[in-house]
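The values are calculated or read from the model by the stated rules, or taken from the named source; none is laboratory data. Because the structure is a prediction, the values reported are computed rather than measured. Cβ placement follows ideal geometry from the backbone for every residue including glycine, while neighbour counts extend to all protein chains displayed. Heavy atoms of the whole protein, side chains included, go into the accessibility calculation; ligands, DNA and RNA do not. Shrake-Rupley method; radii C 1.70, N 1.55, O 1.52, S 1.80 Å.
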Amino acid sequence: MNLDDCINALRSSDTVPKAALAAGVARAEALAPPVFALADKLCRGVYLLPGDNELLFNGLHILAAARHPGLLDQLLALARQPAEDLNRLFPDYITTGLTRLLLTVWDRPPGELFNLIERADMVPDVKWALYDVLA
């Protein structure tokens, strides 16, 4: 599966696109720029269309599986977004979704988690995810 086929499958699937996820991990370096571009859009307040939201959701998980070095900064930027944006990205499970992704790529000292938890601009579900990572 080439990169375009992989992106199309990740963008348009109603079920877990297993073949596209596996292909995405093998192409994580090439997949990162479009996924990060969508994360940046969301962080700028741009509403993502459902296909773009699916690509972002699946892409974040692929990049976590590949342990992509730029993912942590993108996740921390996403963690500062309003609850309604995070609910669209992680429907009904902001805490669990962010915890799993952060646990996969967290490589910083625990003190940084405390600093993030103390931030007043993060929604409670994000703070719980950070507590879970700390634990």
* Might you check whether a residue that is open to solvent by 80 Å² or more (accessible area, probe 1.4 Å) and either in a loop (DSSP other than H, G, I, E, B) or modelled with pLDDT of 90 or more (or both) occurs anywhere in the stretch 53-65? => no
* Structure fact -> Condition set open to solvent by less than 70 Å² (accessible area, probe 1.4 Å) and of a type in the set (Val, Ile, Thr), scope the stretch 1-41, selection nearest to LEU56 (Cα to Cα): answer is VAL35
* Give the number of residues within the stretch 76-95 that are outside any loop (DSSP other than H, G, I, E, B) and either touching a residue at least 24 places away in the same chain (Cβ under 8 Å) or exposed (fewer than 12 other Cβ atoms within 10 Å of the Cβ) (or both). => 11
* Matching residues, the stretch 96-122, being at pLDDT 90 or above and over 21 Å from HIS61 (Cβ atoms) -> PRO109
